[in-house]
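Colleague: Got a structure for you, written out below as structure tokens; questions coming shortly.
The values are calculated or read from the model by the stated rules, or taken from the named source; none is laboratory data. As the structure is a prediction and not an experimental result, all values here were calculated from the model. With ideal geometry, Cβ positions are generated from the backbone for all residues, glycine too; neighbour counts draw on all protein chains shown.
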Amino acid sequence: MKVILPVAGKGTRLRPHTFTKPKSLVRVAGKTVLQHVIDGLAKVDVEEYIIITDKNGNIIKQFVDEHYPNIKVTYVTQTELLGPAHAVSLASPRIQDGDDVLVVFNDTLFVTDLTRIHILCRDLDGLIYSKEVEDYKRFGVNVMKDGVIVDMVEKPDQPVSKLAQVGLYYLKNGRQFMDYINKAIQSDLRTKGEFYLPEVFKLMIKDGLKLGAPEIEEWLDCGKPETLLETNRYLLERATGNHIFIEGCVIIPPVSIHPSAEVKHSVIGPYVSIAENCKINESIIRNSVINPNSILHNVMLDESLIGDAVELAGQSQRMNIGDNSVIDLSGRN
């Protein structure tokens, strides 16, 4: 299997954090989003990862080389941001006859058993992983008949379906899939000026291909600060090793504290992720994500995202601070 990971989006909803890093390297529950995705594929026999990047591709490559030196990765740069289907199409030269393909978009994390792909797809041509939602008007949904997708509707006004697409796709014939993407692009099938995969799948359905819509167990959004914190809580609750003892501190699980972090005279938790090389002293922190190399002194934080290499001293606040910031709220001259 070949896995296509489009990571070229700007991540505007996560600014200021994505001014200085790709959104796939934003952290949640002790790992980057990209690490959660790759680790979630550990039980799948992946021949090659094809990562679609933008101008920040060197940052992604450096990170993957450091953390996953033993996986085969090809990097492709998307110079024009023309939509998700266009991003996936750039993997076409790497997809040969006989290749099956898994496409994973990293705005969201998923909980599902991917080892069952071949069983679920035995009598089908592909799988559009889905999740039933109540707020169907926000999503692209699958219209089903006899276990097969017969139509797709983007943000429907009426409840034609509540089965939302989650950004995880499997195609049994990867080369054929790429040909359909190229056909959609050549036919200029755009939505709001960009190329999206549902238009590709509609062409496949029209030609008689059968696509299923298996439901995932959980759909975890990492696309904006408030949902990132919700995902942080969910993952920490289900992680192992989140009961930590630090002398002189009160640790309220679940938390994730990197072994290299120095935490003194503080109350940490619940639902706190502290990355490597952080220094935290005389602080109270709950429901927050603290990124690497940050220094916090005498602060009270709740529902906060603190970027890389931030220096913060002061009093009780709610924060969303980007990388390399220096903030002093102590009132001292």
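Colleague: If Ser256 meets every condition in (1) small (Gly, Ala, Ser); (2) farther than 30 Å from Leu168 by Cα; (3) touching a Gly at 6+ places or on another chain (Cβ under 7 Å) apart from one, which number is that one?
Modeller: Ser256 satisfies every listed condition except (2).
Colleague: Let me ask another. Any chance region 229-238 includes a residue that's assigned by TED's automatic domain parsing to the domain that holds Pro84, β-branched (Val, Ile, Thr) and either in contact (Cβ under 8 Å) with a residue 60 or more places away in the chain or in a helix (DSSP H, G or I) (or both)?
Modeller: no
Colleague: Looking only at residues that are in a loop (DSSP other than H, G, I, E, B), among the charged types (D, E, K, R) and out of contact with any strand residue (DSSP E or B) (no Cβ under 8 Å at 6 or more places or on another chain) in region 121-162, which one is surrounded by the fewest Cβ atoms within 10 Å (Cβ to Cβ)?
Modeller: Going through the qualifying residues, I end up with Asp146.
Colleague: Same structure, new question: Return only the number of the condition from (1) buried (at least 22 other Cβ atoms within 10 Å of the Cβ); (2) aliphatic (A, V, I, L, M); (3) out of contact with any helix residue (DSSP H, G or I) (no Cβ under 6 Å at 6 or more places or on another chain) that Ala261 does not satisfy.
Modeller: Here Ala261 clears every test but (1).
Colleague: I would also like to ask the following. Please count how many residues of region 263-289 are over 28 Å from the mean Cα position of the chain (by Cα), assigned to a strand (DSSP E or B) and of a type in the set (S, T, N, Q).
Modeller: 1
Colleague: Which members of region 31-72 meet the condition of being β-branched (Val, Ile, Thr), surrounded by fewer than 18 Cβ atoms within 10 Å (Cβ to Cβ) and either touching a residue at least 40 places away in the same chain (Cβ under 8 Å) or part of a helix (DSSP H, G or I) (or both)?
Modeller: Once the filter is applied, which keeps residues that are β-branched (Val, Ile, Thr), surrounded by fewer than 18 Cβ atoms within 10 Å (Cβ to Cβ) and either touching a residue at least 40 places away in the same chain (Cβ under 8 Å) or part of a helix (DSSP H, G or I) (or both), region 31-72 yields Val44, Val46, Ile59.
Colleague: Would you check if there is a residue in region 16-28 being of a type in the set (Phe, Trp, Tyr), in a helix (DSSP H, G or I) and at pLDDT below 90?
Modeller: Yes, region 16-28 contains a residue that is of a type in the set (Phe, Trp, Tyr), in a helix (DSSP H, G or I) and at pLDDT below 90.
Colleague: Okay, next question. Out of the residues in region 163-218 meeting the condition of being part of a helix (DSSP H, G or I) and touching a His at 6+ places or on another chain (Cβ under 9 Å), tell me which one is surrounded by the most Cβ atoms within 10 Å (Cβ to Cβ).
Modeller: Top of the filtered list is Ile181.
Colleague: If Lys279 satisfies every condition in (1) modelled with pLDDT of 95 or more; (2) closer than 27 Å to Arg238 by Cβ but one, which is the exception?
Modeller: Evaluating Lys279 over (1) modelled with pLDDT of 95 or more; (2) closer than 27 Å to Arg238 by Cβ leaves (2) as the failure.
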